[in-house]
Structures are given as structure tokens and as C-alpha cells.
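The values are calculated or read from the model by the stated rules, or taken from the named source; none is laboratory data. Treat the numbers as computed from the prediction; the structure is a model and nothing was measured. Using ideal geometry, Cβ is built from the backbone for each residue, glycine included, and neighbour counts are taken over all protein chains shown. Each accessible area value is taken on the protein alone, full model and side chains, heavy atoms only, with ligands, DNA and RNA left out. Shrake-Rupley method; radii C 1.70, N 1.55, O 1.52, S 1.80 Å.
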Amino acid sequence: GEALAVSARVAPLGSRLVLLLVEDLTEARRIEAVRRDFVANVSHELKTPVGALSLLSEAVMDASDDPEAVQRFAGRMQIEATRLTNLVQELIDLSRVQNDDPLEDAEPVRVDELVAEAIDRCRHAAGTKQITMAAGGTADLFVHGNRGQLAAALGNLVENAVNYSPARTRVGIAARRVSAPGGDLIEIAVTDQGIGISDKDKERIFERFYRVDPARSRATGGTGLGLAIVKHVVASHGGEITVWSAENQGSTFTLKLPEAGSSRDRARHRSDRS
Ligand code: ADP
């Protein structure tokens with residue numbers, strides 16, 4: 001009777017311990033698998049342009065008596081080299097933000113400057129597709145954050161809006177102040193009239209290297225890292241990002257970021273110093 005009672009008391013505790021251990025192991029395995037996938041993805045993404053460059057340089061040598069062909073191959077080499085540069089730059093950006101370290105060099109950042117910069121970055125791509133870009137509501141708004149990171153995040157959203165939209169559509173960027181329990185927030189919404197994202201894909205687009213249509217992404221110079229960078233920038237700023245989308249109608253990506261000078265911001269400063 002006695003022994004039975006003891007083991008009955010130990011058993012639930014024991015099984016809980018085992019369960020915790022199993023959960024820990026599963027989580028550790030999951031993290032390890034994600035890391036391995038990432039390394040495999042990076043290697044694959046690097047190999048593609050490097051392989052193309054090597055083939056193209058051979059083609060250039062073989063075509064030395066055909067200046068037109070040399071021109072054509074050289075043009076394609078330039079595209080592949082740009083792709084490689086973009087990828088390496090985005091990997092650097094991602095590694096800077098994904099450790100979710102406390103924010104460095106945070107300062108009040110003008111929203112109209114961030115928006116102007118993002119539009120500038122996409123002007124060429126938008127121009128060739130006759131996409132109109134319009135911004136509104138950005139005057140006199142300040143976000144508390146790291147200027148470079150915020151510019152990268154907004155730039156990525158606007159770039160995607162242009163890349164995943166058909167010609168002669170409109171990309172809008174609208175900013176406003178919204179009040180929230182912890183202090184005012186700045187909301188920046190990027191809206192396109194593009195191909196949209198299905199509900200199933202919506203859950204995955206913030207993962208590194210996840211693309212709905214890899215061929216389309218590559219054709220526009222996409223790396224599959226943009227939204228992963230955005231997600232980490234938003235996290236390190238204590239912000240939020242939401243997506244609304246309807247297939248073949250368009251998408252809206254909405255950033256919510258702490259306003260510079262809000263009480264939330266001051267609280268953060270205090271805790272940074274302590
Ligand atoms: P990419 O470099 O491929 O654009 P991102 O991480 O920025 O990588 O985006 C991941 C994927 O999410 C894209 O490949 C695309 O399929 C989808 N996506 C992102 N933004 C949009 C958008 N505005 N409209 C439609 N699809 C989008």
C-alpha cells in the first residue's frame with residue numbers, strides 16, 4: 001500500500017519532468033533545424049549567381065570575336081553581380097537586426113524623411129512600370145528609433161509594393177499618429193494594388209527566404225530576406241506589423257512604431273539608463 005502511494009505521487013511529477021525535457025529537446029532540435037535550413041538556403045542563394053557569373057565569363061571568353069554577344073553576356077553578368085551584392089547586403093542587414101539586441105543609436109527620426117528616402121529608392125523600378133507613388137500625413141511626425149534600421153524596413157515594404165504590382169497601379173504611403181495605452185504610436189501604412197497574398201502565405205512571408213513565387217521574386221532582384229529584416233526591426237523597436245491582403249486586389253502592410261517623445265519613449269529611455 002505504502003510503496004504504491006509513493007510511486008503514485010512521484011509518477012505525475014516524473015512524467016512532467018520527462019515532458020519538459022522532451023519539449024526542451026524538441027525546441028532545441030527545431031532551432032537546430034532552422035539554423036541548418038538557413039545555412040543551406042544561404043549557400044544555395046549564393047551559389048546561383050556565382051554559378052551564373054562563372055558560366056557567363058566563360059561565354060564572354062568564347063565569344064571574343066562577337067562584340068554584340070560580349071555586350072549581352074556582360075549585361076547579364078552585371079545583373080548577377082547586383083543580385084549577389086543585394087544578397088550579401090541583406091544578409092549583413094539581417095545579421096545586424098536579428099539578434100534583437102537593445103536598440104543602438106535611437107533618436108527621433110522624421111517620418112517624412114524616411115518616406116521620401118523609401119520612395120527615392122524605388123523611383124526607378126516604379127518609373128519603368130509607370131507606378132504612381134503618393135505619400136500623405138507624414139508632416140511633423142517623429143518615430144523613436146534607429147534611423148538606418150527604420151529606413152531599411154520602410155524601404156523594403158515600398159520596394160515590395162512596387163515589385164508585386166502590375167504596371168500603371170498606385171502605391172500609397174500614409175502616416176498618422178494613433179493613441180495607445182502605453183503612449184502614442186506612429187502608424188505607417190504601405191498600400192498597393194498588386195497581386196496580393198493568400199491567407200496561407202500571409203503566415204509565412206516573414207520567414208527568412210520564404211517567397212510565394214521564387215521565380216518572380218528573383219526576377220525583381222528579391223532575396224526573400226526583406227520581410228524578415230522588417231520583422232526584426234519592428235521587434236527591436238517594440239513596434240508591430242500587420243498585413244491586410246486580398247488576392248489580385250492588393251496588400252497593405254502597416255507598421256506601428258513608438259512616437260519620439262511619447263511617454264512610452266521616455267519610459268524606455270529611463271529603463272535604458274538604469
Ligand atoms: P523578396 O525579396 O522575395 O521580396 P520579402 O521577404 O520582402 O522577399 O517578401 C517575401 C515574399 O512575400 C515575396 O517573395 C512575395 O511573395 C511576398 N510579398 C511581399 N510583399 C508583397 C506585396 N506587397 N504583395 C504581394 N506579395 C508580397
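Side notes on the structure shown:
- Dipole-positive endmost among S64, G222, G182 within the chain (Cβ charges, Cα centre): G182
- Built amide H within the under 5 Å cut-off of G145, gap 5+: E107, V109
- The dipole here belongs to the chain: it is taken about the Cα centre, uses +1 on the Cβ of Lys and Arg and -1 on the Cβ of Asp and Glu, and is about 520 debye.
- Projected label distance in nm at T254 and V42, using a 7 Å step from Cα toward the beta-carbon: 3.5 nm
- Angle in degrees between helix 226-236 and the longest Cα principal axis of the chain, rounded to the nearest 10: 40 degrees
- Degrees between helix 147-163 axis and first principal axis of the chain (Cα, 0 to 90, nearest 10): 60 degrees
- Under the Karplus curve 6.51 cos²θ - 1.76 cosθ + 1.60, θ = phi - 60°, whole-Hz ³J(HN,Hα) for the range 177-184, x wherever Gly or Pro sits: 9, 10, 8, 9, x, x, x, 5
- A Förster radius of 35 Å, combined with the Cβ-Cβ distance separating E117 from A33, puts the computed FRET efficiency at roughly 0.40.
- Label separation (T82 vs E240): 3.8 nm, computed from points 7 Å beyond Cα along the C-beta direction.
- Of all beta bridges that DSSP places with both ends in the range 131-250, some 60 percent have antiparallel geometry.
- Long-range amide H partners of A180 with built H, under 5 Å: L185
- Full-stretch length increase - D65, A139 - with 0.36 nm per residue and alpha-carbon distance subtracted: 20.9 nm
- For the chain, share of DSSP beta bridges that run antiparallel, in % to the nearest 5: 85 percent
- For the chain, the fraction of 1.4 Å probe accessible surface lying on carbon and sulfur atoms is 55 percent.
- Distance from the C-alpha centroid of the range 189-226 to that of the range 98-137: 18 Å, rounded to the whole angstrom.
- Taking every C-alpha pair closer than 8 Å and separated by at least 6 residues, the mean separation divided by the residue count of the chain gives a relative contact order of 18 percent.
- Computed from point charges on the beta carbon alone (+1 for Lys and Arg, -1 for Asp and Glu), the dipole magnitude for the range 124-177 about its Cα centre is near 120 Debye.
- Accessible surface for the chain, divided over its residues, is 58 Å² per residue with a 1.4 Å probe.
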